[in-house]
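Input: a single structure, listed below in structure tokens.
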Amino acid sequence: MAGEVLGKCPVCGSETEVTRINCDRCDTTIEGHFHLCKFCKLTVEQKAFTDVFIKCRGNIKEVEKELGVSYPTVKNRLEDVAGALGYKAEIEPIVDAGKRKVVLEKLNGGEITVEEAVALLKD
């Protein structure tokens, strides 16, 4: 029994390409350049996580129990898999603590509206 196709080169990390396919039953061989599906490019760990995630139907609490890890770990692994599949997370704006405090104080004091506070925190 053969192993899985490697989606990434174990030496340099570049994507690999399948150039030969063989049928064990009839011994037909096809040569060419075949692209791997995006799931083939996941690491063994990413595939194992994805398997558990799907088994648990995306229920993060169940994934936590199954893997014996915390909520942040599940979220980080999910983000890692999503990134490997080409789905980039939207970058949330970084708000420094001082600015956040001033905006919240103004909001609490009635100096600005909720909408204005949100806009200020997004800047």
Exercise for review: Would you check if residue 69 is among the hydrophobic types (A, V, I, L, M, F, W, C), free of Cβ contacts under 8 Å to residues at least 12 places away in the same chain and not assigned by TED's automatic domain parsing to the domain that holds residue 118?
Suggested key: yes
Check your understanding: Could you give every pair whose Cβ atoms fall below 9 Å, whose first residue belongs to the range 32-56 and is under 17 Å from residue 87 (Cα atoms), and whose second residue is surrounded by fewer than 12 Cβ atoms within 10 Å (Cβ to Cβ), counting only separations of at least 6 or pairs across chains?
Key -> 38/86; 40/4; 47/4
Revision key, fill the gap. The correct count of residues that are outside the structural domain of residue 71 (by TED's automatic domain parsing), small (Gly, Ala, Ser) and at pLDDT 90 or above in the range 1-54 is 1
Check your understanding: Are any of the residues in the range 1-23 part of a loop (DSSP other than H, G, I, E, B), touching a helix residue (DSSP H, G or I) at 6+ places or on another chain (Cβ under 9 Å) and exposed (fewer than 11 other Cβ atoms within 10 Å of the Cβ)?
Key -> yes
Exercise for review: Go through (1) part of a loop (DSSP other than H, G, I, E, B); (2) of a type in the set (Gly, Ala, Ser); (3) over 30 Å from residue 4 (Cα atoms) one by one and return the number of the condition residue 86 breaks.
Suggested key: (3)
**Study point:** Any hit, the range 37-56, residues being farther than 14 Å from residue 7 by Cβ and outside any helix (DSSP H, G or I)
**Key:** yes
Check your understanding: Since residue 99 meets every condition but one in (1) part of a loop (DSSP other than H, G, I, E, B); (2) over 14 Å from the mean Cα position of the chain (by Cα), which condition does it not meet?
Key -> (1)
Review point. Mind checking which pairs have a first residue in the range 16-30 that is over 19 Å from residue 40 (Cβ atoms) and a second that is part of a strand (DSSP E or B), Cβ under 6 Å, 6 or more apart or different chains?
Key: 29/22
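The values are calculated or read from the model by the stated rules, or taken from the named source; none is laboratory data. Fair warning: this is a prediction, and the values are worked out from it, not measured in the lab. Here the Cβ is made from the backbone with ideal geometry for all residues, glycine too, and neighbour counts use every protein chain on show.
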